[in-house]
1. Take the residues of the stretch 490-522 that are among the β-branched types (V, I, T) and buried (at least 19 other Cβ atoms within 10 Å of the Cβ): which is modelled with the lowest pLDDT?
2. Being surrounded by fewer than 19 Cβ atoms within 10 Å (Cβ to Cβ), within 20 Å of A370 (Cβ to Cβ) and touching an Asp or Glu at 6+ places or on another chain (Cβ under 9 Å) narrows it down to one of L314, L322, so name that one.
3. Condition first: touching a strand residue (DSSP E or B) at 6+ places or on another chain (Cβ under 9 Å) and either assigned to a loop (DSSP other than H, G, I, E, B) or in contact (Cβ under 8 Å) with a residue 60 or more places away in the chain (or both). Now tell me which residues in the stretch 399-417 satisfy that.
4. Could you check the stretch 226-281 and list, in sequence order, the residues that are hydroxyl-bearing (S, T, Y), touching a residue at least 12 places away in the same chain (Cβ under 8 Å) and part of a loop (DSSP other than H, G, I, E, B)?
5. How many of the residues in the stretch 397-409 are surrounded by 15 or more Cβ atoms within 10 Å (Cβ to Cβ) and either more than 21 Å from the chain's Cα centre (by Cα) or at pLDDT 95 or above (or both)?
6. With respect to V207, is the statement that it is more than 30 Å from R535 (Cα to Cα), of a type in the set (A, V, I, L, M) and surrounded by fewer than 21 Cβ atoms within 10 Å (Cβ to Cβ) true?
7. Sort out which residues of the stretch 182-199 are closer than 18 Å to Q109 by Cα and not in a strand (DSSP E or B), and write them in order of number.
8. Those residues that are at pLDDT below 95 and touching a Phe, Trp or Tyr at 6+ places or on another chain (Cβ under 8 Å), I need them from the stretch 435-455; list them, please.
Amino acid sequence: MKRFALWLLVVPVFWGCSSLETLALFNQAAEEPLPEEPHTRLVGDIAVPTGLQPVRVEAVGLVTGLAGTGSDPSPSPQRAALLEEMQTRGVANPNALLASGNVALVLIQGWLRAGIQKGDRFDVEVRTPSQSETTSLRGGYLLEARLTETAVLGNRLHHGHLLATAKGPVLVDPAADPKKGRLLLCRGRVLGGGVALKSRSLGLVLVPGSQNVRNSAQVANAVNRRFHVFQDGVKKGMATAKTDEYIELLLHPRYKDNVNRYIQVVRALPLSESAQERMQRVAVLKRRLLNPETAAEAALQLEALGPEGVDPLLEALSSENLEVRFYAAEALAYLDRREAAEPLGKIARDEPAFRVFALTALSTMRDVAAYDQLRELLSSPSAETRYGAFRALWAMDEKDPFVCGELLGGQFHYHVLDVAGPPMVHVTRNRLAEVVIFGKDVKLSTPLAISAGNEIMVTARSSGEEITVSKYTVADGDQKRMVSDSLDEVIRAIVELGGTYPDVVQALQEAKNCGALTARFEVDALPQAGRSYQRKRSDENRAPASSTEEEGGKLTPPSEAPELFQQRVANHNSSDAPAAEKEEKKPTADDSQRRTKGLVNKLLAR
């Protein structure tokens with residue numbers, strides 16, 4: 001008792017003598033930086049991805065159905081290759097067919113994207129050789145061709161393994177004007193005309209110093225703990241350790257339209273981590289998630305944790321900062337949490353810089369909340385938001401009665417959507433042949449006279465008159481359909497008379513040009529990646545965290561468009577020319593040095 005009383009007397013004296021020092025210690029502790037994240041080895045610390053680059057496949061092919069705009073190809077390795085292919089397929093008198101003027105030799109080129117699966121479709125580009133006398137490919141049809149990797153060696157074409165086939169109607173730019181030259185008329189696309197014959201797997205390569213059986217197995221186990229599928233009731237992981245330095249990686253279905261994000265999440269997987277280490281790391285990631293400069297990486301690592309990363313992501317949805325809300329909602333969408341739907345829908349509607357990623361994330365969800373958000377966006381005044389929402393709904397469930405539409409004439413996807421908003425007609429030049437009409441009562445104004453390909457005319461001589469869709473051919477005689485001014489009826493009549501998707505697109509383009517189309521007309525109105533986001537004033541005082549941030553508070557999210565909205569624009573530079581037209585180059589000293597670099601060094605240099 002005496003000792004207790006003595007202690008009570010000593011405490012005030014101590015406090016009085018050292019209160020300033022004690023207060024300083026408390027202030028110093030409050031100002032100390034947050035503890036660093038516990039050093040957990042991630043997959044990305046010892047492995048880099050491979051198989052992400054597209055593979056070019058090529059062939060020499062034949063376009064038929066040209067109304068005298070084709071040509072007889074001059075002697076060349078390409079003609080020889082085509083004649084050999086025609087003879088293999090049993091074509092009688094191939095030289096006479098080539099001389100008819102109704103066919104054209106074309107060079108075919110396509111790109112097999114990363115992670116493409118056997119049976120998946122892709123676009124192919126066709127063009128006539130530079131010395132060809134063909135004047136137009138409009139109205140043509142590409143006969144089936146076999147696509148391989150191709151190289152020119154010793155003035156001869158050398159082919160690799162058969163990887164795909166291609167065929168279908170050729171879409172030529174409807175705006176191409178013969179009076180301005182034949183360049184655009186002699187190039188075209190076959191939308192979804194390519195079919196992959198083999199699946200392309202992704203992979204992880206261990207970096208030098210980490211290449212051993214133990215690490216290879218550890219990486220595969222880390223991936224399989226997080227990503228797997230069930231086949232015939234059997235659980236199957238996405239990774240297989242093939243060698244002491246290479247791990248084969250299958251594409252998880254949830255990320256089929258965003259391969260880049262899948263790779264990012266895989267690289268954010270922990271190799272091994274105790275329960276206590278994970279708790280400490282989650283606490284640090286939670287704080288980093290609330291900082292817009294570190295939110296993207298923190299969200300990826302929390303997504304990689306699966307259900308254990310959900311709580312911090314949910315808390316971040318209430319942040320006042322848009323970037324923080326977006327990155328948290330995006331990660332939650334890939335974890336299929338319904339709480340992500342509303343913030344992603346709002347961001348897709350209001351913020352163009354994040355729109356493409358928000359729509360892609362919504363498309364991966366299987367919750368009705370995401371479906372409702374996308375349905376609402378179909379009535380947006382923004383063309384890219386409307387069509388982006390439609391494509392996301394298609395990716396979510398292409399059999400949904402609202403978006404499934406029909407395969408019109410067995411050729412192209414056709415959709416008439418009963419939605420609010422201004423009427424709009426959308427066509428594609430990428431991915432697949434598709435016409436989407438937003439609004440049920442789109443009309444054509446009369447009088448009008450437009451073409452749908454080489455053989456079909458759409459006419460009405462006076463205002464209010466019925467529209468005549470006519471086809472004139474020597475073989476089949478004249479055929480006519482009388483329809484109302486409904487765009488839907490006109491499109492169906494064109495297809496009934498044998499019109500193709502390129503014919504319908506040409507008719508729509510001409511109707512727009514002459515003012516007969518009463519709806520807005522859009523081609524490939526897709527949300528884009530690489531746009532800048534203007535940070536709020538309250539965030540502009542923060543020091544830039546990386547080179548992605550520009551002066552004035554602008555931020556460009558450093559990512560390519562997900563596969564769902566990716567489009568390849570034809571590049572007509574010589575570097576992108578088909579191998580069949582490239583000249584063989586003599587190797588240089590620099591080329592030899594580049595070839596000596598190892599695979600891992602090349603990957604690390606990317």
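The values are calculated or read from the model by the stated rules, or taken from the named source; none is laboratory data. What you see is a predicted model, and the numbers here were worked out from it, not measured in a lab. Heads up, the Cβs are rebuilt from the backbone with ideal geometry, glycines too, and the neighbour counts pull from every protein chain shown.
1. From the stretch 490-522, those among the β-branched types (V, I, T) are 490-491, 494-495, 500, 504-505, 518; that's our starting set.
Going one step further and asking which of them are buried (at least 19 other Cβ atoms within 10 Å of the Cβ), we end up with 490-491, 494-495, 500, 504-505.
Numbers: V490: 97, I491: 97, I494: 96, V495: 96, T500: 90, V504: 95, V505: 93.
Top of the filtered list is T500.
2. On the way: L322 fails: surrounded by fewer than 19 Cβ atoms within 10 Å (Cβ to Cβ).
After applying the criteria, what remains is L314.
3. Taking the stretch 399-417 and keeping what is touching a strand residue (DSSP E or B) at 6+ places or on another chain (Cβ under 9 Å), we get 402-408, 411-417.
Matches in the stretch 399-417: G405, L408, Q411, F412, Y414, V416.
4. Scanning the stretch 226-281 gives T243, S272.
5. Taking the stretch 397-409 as the starting set, the residues that turn out to be surrounded by 15 or more Cβ atoms within 10 Å (Cβ to Cβ) are 402-403, 405, 408-409.
In the following step, the residues that additionally are either more than 21 Å from the chain's Cα centre (by Cα) or at pLDDT 95 or above (or both) were identified as 402, 405, 408-409.
Total meeting the criteria: 4.
6. Here the answer is yes, as V207 does meet what is asked.
7. Just the residues of the stretch 182-199 that are closer than 18 Å to Q109 by Cα, to begin with: 183-198.
Residues satisfying the conditions are L183, L184, L185, C186, L197, K198.
8. The one that is at pLDDT below 95 and touching a Phe, Trp or Tyr at 6+ places or on another chain (Cβ under 8 Å): E455.
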